[in-house]
Amino acid sequence: QQSAAGAKALRDSIVAILQRPSPSVAAIAEAVQLAMQNTQAAQSSHAAAAVPSITLVSSMVSRVLSVRDSFYRLVSGRLEAALTQVLKGMRHDANMEQFLGSLGFTSTSDNVLSIAERLQRLSRHNRAVHATRYNEILSSLLN
């Protein structure tokens, strides 16, 4: 029960950080560190009911990695928005870093851009290779 409460408190604090205008990985790391310190303090005061730190962290990670988790949905929604904007080409390079930062991807903007570039290459390749078949499918659907 203590593990579940710790996981919920950590998730809630991370969600609050991500809703800030400029969320940072450092703030998230600080929240995780604080949660670990609180857990260790609780363990030392309740030695008989102590849960190993690794179990608590594992529990938190498992909850956050669930597709039903609100934190997971928040981050995946922001990533989808970022990739959509990059792929549409609606953002210029000068504004891209600021845009990604506004979604909470300041420290990982290079990774997000790399993913978007690979998706663009895949899309161009797919279109070039399968364009004729796509046209046939669309024509048959329209007729």
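The values are calculated or read from the model by the stated rules, or taken from the named source; none is laboratory data. This is a predicted model, so every value here is computed, not measured. When we count neighbours, we look across all protein chains shown, and the Cβ atoms used for this are built from the backbone with ideal geometry, even at glycine. Areas reflect the complete protein model, heavy atoms only, side chains present, ligands, DNA and RNA absent. Shrake-Rupley method; radii C 1.70, N 1.55, O 1.52, S 1.80 Å.
Taking the listed residues Gly77, Gly101, the one that is modelled with pLDDT of 75 or more, open to solvent by less than 70 Å² (accessible area, probe 1.4 Å) and within 12 Å of the chain's Cα centre (by Cα) is Gly77, with no other qualifying.
Taking residues in segment 116-140 that are surrounded by 11 or more Cβ atoms within 10 Å (Cβ to Cβ), and partners anywhere that are at pLDDT below 90 and not polar (S, T, N, Q), the pairs with Cβ atoms closer than 7 Å and at least 6 places apart or on different chains are Ala116/Leu83; Ala116/Val86; Ala116/Leu87; Leu119/Leu83; Leu119/Leu87; Gln120/Leu87.
Rundown of residues vs (1) open to solvent by less than 60 Å² (accessible area, probe 1.4 Å); (2) at pLDDT below 75; (3) within 28 Å of Ile115 (Cα to Cα), yes/no style:
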site	(1), (2), (3)
Lys8	no, no, no
Val15	yes, no, yes
Ser22	no, yes, yes
Leu34	no, no, no
Ala48	no, yes, no
Met60	yes, yes, yes
Leu65	no, yes, yes
Ala81	yes, no, yes
